[in-house]
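The values are calculated or read from the model by the stated rules, or taken from the named source; none is laboratory data. If you're wondering where the values come from, they're calculated on a predicted model, not measured in any experiment. No Cβ is skipped: glycine too gets one built from the backbone with ideal geometry, and neighbour counts run over all protein chains shown. Surface accessibility is based on the protein's heavy atoms, side chains included, excluding ligands, DNA and RNA. Shrake-Rupley method; radii C 1.70, N 1.55, O 1.52, S 1.80 Å.
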Amino acid sequence: MAETVAASAGSVTSPSGSKNALISLSDKKNLDLLAAGLQELGYTIVSTGGTASALEKAGISVTKVEELTNFPEMLDGRVKTLHPNVHGGILARRDQSHHMEALEKHSIGTFELVIVNLYPFYAKVSSANGVTFDDGIENIDIGGPTMIRAAAKNHKDVLVVVDSEDYPVLLEFLKGNKDDQQFRRKLAWKAFQHCAAYDSAVSEWLWKQTEGDKFSPSFTVPLTLKSSLRYGENPHQKAAFYTDSSLSEVNGGGIATAIQHHGKEMSYNNYLDADAAWNCVCEFEKPTCVVVKHTNPCGVASRDDLIEAYRLAVKADPVSAFGGIVAFNTEVDEALAKDIREFRSPTDGETRMFYEIVVAPSYSEKGLEILRGKSKTLRILEAKKNSRGKLSLRQVGGGWLAQDSDDLTPEEIKFDVKSKKAPEESELSDAKFAWLCVKHVKSNAIVIAKNNCMLGMGSGQPNRVDSLRIAVRKAGDEVKGAALASDAFFPFAWNDAVEEACQSGIGVIAEPGGSIRDNDAIDCCDKYNVSLVFTGVRHFRH
């Protein structure tokens, strides 16, 4: 709780005929407008510390809270409003005669209004400069949440406001002199939610100060509504989009915090696809383009020339790319924007490519102008790279699964050669590229790549053989000498996926290993003089 304000008409100690309020503000935004409005309605202000000073500077008459409690602030301001003269006036039920008799007996006035915001704990502990443990503890509000919860509990008689954006509607409500219980309930809900989010930040921060496991026994994820969506995955499903206000997400990047520069409003599926494309393209160090359809990357290419990378990514599967999402990991400039706007489909050389979304870390002024001219509906997003080490959450019926994010890089693992034929340097580079791609493809997943370019991929098949066949078919004649990456080990080799891959002309295979038939895969590759490397890392994606 910051400084405290109480407002009343007449004596603050008289429960009869008074309109009393209690206000505690750390953030004093629009305090002058609020106080002037209350004073105009006949309220007298009672305040402490900085709030009193701010009100006096605004020309508002102020009475100190000590006159209400008959007790000074103590313990460096830790105890200000934790007093029966305050909480009795908030919690008393007006329809209970014995409550009102108790107030009268002790000369306690009722409060019809509580306006509170809290110590800036979230901002303090998430600041770039950091915060000491003791400073963090001192920024945990005690009195403020106590008053908020008390008022919200007794919302039938007490209006509670925790957001300065609600000041205008509050004053209009008070001027109307009407009783609207739905209005009161919404404010009470907002108050409890405000406290819950605040407490979740304290809990999250304090757990990180302990030596406990990464997965705490319990935790709360504070979500804030960003937008109501037209519908969900399908038109008959209602939907909304929320941002995660957890401390771990501060400056964490990602699609949720992306800036939309142009286009139609984002849909449920747009968010899923944009997230998949952005997560994939951010894996690559070289200038890269990723094209995604239904959360699967259908085209990926890395080149010093980003226009060339874009064209190669589309070429990998132009049918799927049409109506997809295009993501870049470097700035979209004028030249690239022109190519995105005018590039024709490789299938017929005539159809101008259409996309739902373009996402990149930045745009030149001219590049953004050109992209805006491509289509009124094209969504243009500017996003920051996801930070590593985030917690990944996924809902199942009645619960949630939590895990580390799958953010290993090729540099962090060993590509262990198991075959007699060792891959050439270019082949190993292709294998690492395919390995980065395959981790973003739905299981069972196979990716075929060459020269830092995806040639074909097979995704989401119940068996690995079918995924292989789809990838080989898409790669076409370019499969000869290419690298193949599998998200998981091959359970069988002979007359199965490994042998078919070798027979297709694949030059090197990268897989995790770990099958009881790994030796069959090694022998099969040796027979066809194909290089085989084990990564020891599986990339299931369900």
With everything on Cα atoms, drop me the angle between helix 464-475 and the longest principal axis of the chain, reported from 0 to 90° to the nearest 10.
70 degrees
Tell me the trypsin sites (Lys or Arg not before Pro) within the stretch 255-310 that lie in a loop according to DSSP and have at most 15 other beta-carbon atoms within 10 Å.
K264
Taking the alpha-carbon distance from K450 and a cut-off under 14 Å, which aspartates and glutamates remain once sequence neighbours fewer than 8 residues away in the same chain are dropped?
E424, E425, E427, D430, D477, E478
K175 versus S245, label points 7 Å from Cα toward the beta carbon: distance in nm?
2.9 nm
Could you check the simple spin-label distance between S218 and R93, using points 7 Å along Cα→Cβ, in nm with one decimal?
2.7 nm
With n ≥ 4 as the cut-off for DSSP H runs, can you work out [θ] at 222 nm for the chain, using -39500 (n - 2.57) per run divided by the number of residues, rounded to the nearest 500?
-10500 deg cm²/dmol
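Would you work out the charge dipole size for the stretch 54-122 about its Cα centre, treating the Cβ of every Lys and Arg as +1 and the Cβ of every Asp and Glu as -1, and quote it to the nearest 20 debye?
Values: 7 positive and 9 negative charges, 26 e Å.
Once rounded to the nearest 20, the dipole reads 120 debye.
Determine, from the Cβ-Cβ distance of R538 and A123 and an R0 of 45 Å, the FRET efficiency 1/(1 + (r/R0)^6), rounded to the nearest 0.05. Let's see the in-between values first.
Working: r = 40 Å, r/R0 = 0.90.
According to the calculation, E is roughly 0.65.
Once a ≥ b ≥ c are taken as the square roots of the eigenvalues of the Cα gyration tensor of the stretch 290-418, is the result rounded (a/c under 1.5), prolate (a/b larger than b/c) or oblate (a/b not larger than b/c)?
prolate
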Which aspartates and glutamates have a Cα less than 18 Å from the Cα of K385, not counting those fewer than 8 places away in the same chain?
D244, E249, D273, D275, E283, E285, E331, D404, D406, D407
Once all protein chains are kept in place, F492 shows an accessible area at probe 1.4 Å, nearest 10 Å², of 100 Å²
For the chain, take every pair of Cα atoms, bin their distances at 20 Å starting from 0, and report each bin as a whole percent.
19, 37, 26, 15, 3
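Nearest 5 percent is fine: what portion of the DSSP beta bridges confined to the chain is antiparallel? Numbers along the way, then the final one.
On the way: 48 of 74 bridges.
Percentage antiparallel, nearest 5: 65.
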Rounding to the nearest 10 and keeping the result within 0 to 90°, find how far the Cα-based axis of helix 518-527 lies from the longest principal axis of the chain.
40 degrees
Enter the angle in degrees (range 0 to 90, nearest 10) between the Cα long axis of helix 181-208 and the first principal axis of the Cα atoms of the chain, meaning the one along which they spread out most.
60 degrees
To the nearest 20 debye, the stretch 231-378 has a Cα-centred charge dipole, built from +1 on Lys and Arg Cβ and -1 on Asp and Glu Cβ, of 460 debye
Where the centroid of each part is defined by its Cα atoms, how far is the stretch 117-148 from the stretch 323-340 in Å?
42 Å
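Using the structure shown, select from K29/K226; K186/K376; K226/K384; K208/K442; K366/K474; K293/K338 the pairs with a Cα to Cα distance greater than 26 angstrom.
Over 26 Å apart, Cα to Cα: K186/K376; K208/K442; K366/K474.
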Loop-only trypsin sites (Lys or Arg not before Pro) in the stretch 435-542, please: DSSP not H, G, I, E or B, and at most 14 other Cβ atoms within 10 Å.
K480
Using DSSP, restrict attention to beta bridges with both residues in the stretch 260-382 and report what percent are antiparallel, rounded to the nearest 5.
60 percent
Separation of the E425 and Q182 label points, Cα + 7 Å toward Cβ, nm:
7.2 nm
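Between Q403 and W207, what FRET efficiency follows from the Cβ-Cβ distance if R0 is 22 Å, with the result rounded to 0.05? Intermediate results must be reported in sequence, preceding the final value.
Numbers: r = 17 Å, r/R0 = 0.80.
Computed FRET efficiency for Q403 and W207: 0.80.
Give, in nm to one decimal, the length gained when the segment between E342 and W494 is fully stretched (0.36 nm per residue of separation minus the Cα-Cα distance). Before the final figure, lay out the partial values.
Numbers: separation 152, 0.36 × 152 = 54.72 nm, distance 4.69 nm.
Result: 50.0 nm gained on full extension.
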For the stretch 19-209, give the share of DSSP beta bridges that are antiparallel, in percent and rounded to the nearest 5; count only bridges with both residues there.
10 percent
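Return a whole-number percent for the relative contact order of the chain, with Cα pairs under 8 Å and 6 or more residues apart as the contact set.
Numbers: 1132 pairs, mean separation 45.1, N = 542.
Value for the chain: 8 percent.
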